[in-house]
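Read through the structure below, which is laid out as structure tokens, and then see the notes.
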């Protein structure tokens, strides 16, 4: 196999999970057959995996970040959008890789949250490679007639 073919395979593996790659390949389309767009989570690709759910009293956002130093993450709230950004680094210098499946990459997630949540309400916990953000569900005010 030639070096050019290996280069093409590598480029495909680096980009095939990105929605923009497929839109560029097949042209822009109004039909959303490539991915299932979420109205609450916007990001450039599916990395890192993220869940956003609600229980009886709290919202939870869980993000898979094994081995990541969470102090190197940027997490801030602006106009009802929780922005989570960082760089996932797995490369070890001065070694010869025999297999390299974990990516080194920048990532960003933008997650729409309820309007009445303040940044001080958001609790952070990192355990077993999962970053968990939680914030209380605010009670709806009942209006009298």
note = Within segment 70-79, residues farther than 15 Å from residue 133 by Cα and not in a strand (DSSP E or B) come out as 72, 79
message = I need the full set of residues from segment 80-105 which are closer than 20 Å to residue 124 by Cβ and in a strand (DSSP E or B), in order please.
response = 81, 82, 83, 84, 85, 86, 87, 88
request  = Please tell me if residue 60 is out of contact with any helix residue (DSSP H, G or I) (no Cβ under 6 Å at 6 or more places or on another chain), assigned to a strand (DSSP E or B) and closer than 26 Å to residue 138 by Cβ.
outcome  = yes
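When the residues of segment 108-123 are narrowed to those that are more than 19 Å from the chain's Cα centre (by Cα) and under 11 Å from residue 136 (Cβ atoms), which ends up surrounded by the most Cβ atoms within 10 Å (Cβ to Cβ)? Let's see the steps before the verdict.
Step one: list which residues in segment 108-123 are more than 19 Å from the chain's Cα centre (by Cα), which gives 115-118, 120-121.
Right, trim to under 11 Å from residue 136 (Cβ atoms) and you get 116-118, 121.
On the way: 116: 13, 117: 17, 118: 8, 121: 14.
Here the answer is 117.
Quick note: the coordinates plus some simple rules give every number you see, no bench work behind them. Quick caveat, the model's predicted, so the values are computed rather than measured. Neighbour counts are summed over all protein chains in view; Cβ atoms, including those assigned to glycine, are modelled from backbone coordinates with ideal geometry.
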